[in-house]
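Colleague: This is the structure I have questions about; it appears just below.
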Amino acid sequence: MNESSLATALAFAEKVHFGKKWKNSTISFLHHPLGVASLVLFYGGDKTQAQAALLHDTLLEGTTCDEIAK
């Protein structure tokens, strides 16, 4: 995985979570997967794990594994 695949994962998560707010607040939901990805990298995770962190809640929005794999 390279940096562009992280950017692709971020763009996909942003598209899926567009307009969503974190737990009835004014904070964009995208802050959550960004925070999780940051923690993964901070604690020694690799880029593949960071990509998974960015995408982990997209399934809750109805995204399929096949869509993520693309």
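The values are calculated or read from the model by the stated rules, or taken from the named source; none is laboratory data. Computed from a predicted structure; not experimentally measured. Virtual Cβ from ideal backbone geometry, glycine too; neighbours counted across all protein chains shown. Surface accessibility is based on the protein's heavy atoms, side chains included, excluding ligands, DNA and RNA. Shrake-Rupley method; radii C 1.70, N 1.55, O 1.52, S 1.80 Å.
Colleague: Going residue by residue through region 55-68, is there one that turns out to be modelled with pLDDT of 90 or more, small (Gly, Ala, Ser) and surrounded by fewer than 17 Cβ atoms within 10 Å (Cβ to Cβ)?
Modeller: No, there is no match, as no residue in region 55-68 is modelled with pLDDT of 90 or more, small (Gly, Ala, Ser) and surrounded by fewer than 17 Cβ atoms within 10 Å (Cβ to Cβ).
Colleague: Also, quick follow-up: Can you name every residue in region 1-21 that is small (Gly, Ala, Ser) and either touching a helix residue (DSSP H, G or I) at 6+ places or on another chain (Cβ under 9 Å) or open to solvent by 90 Å² or more (accessible area, probe 1.4 Å) (or both)?
Modeller: Those that are small (Gly, Ala, Ser) and either touching a helix residue (DSSP H, G or I) at 6+ places or on another chain (Cβ under 9 Å) or open to solvent by 90 Å² or more (accessible area, probe 1.4 Å) (or both): Ser5, Ala9, Ala13.
Colleague: Can you find a residue in region 27-42 that is without any contact (Cβ under 8 Å) to a residue 40 or more places away in the chain, in contact with a strand residue (DSSP E or B) (Cβ under 7 Å, 6 or more places away or on another chain) and not small (Gly, Ala, Ser)?
Modeller: yes
Colleague: Tally time: how many residues in region 22-54 are surrounded by 13 or more Cβ atoms within 10 Å (Cβ to Cβ) and over 16 Å from Leu6 (Cβ atoms)?
Modeller: Residues in region 22-54 being surrounded by 13 or more Cβ atoms within 10 Å (Cβ to Cβ) and over 16 Å from Leu6 (Cβ atoms): 5 in total.
Colleague: Taking region 25-51 as the search range and keeping residues that are of a type outside the set (S, T, N, Q) and out of contact with any helix residue (DSSP H, G or I) (no Cβ under 8 Å at 6 or more places or on another chain), which one is modelled with the lowest pLDDT?
Modeller: Ile27
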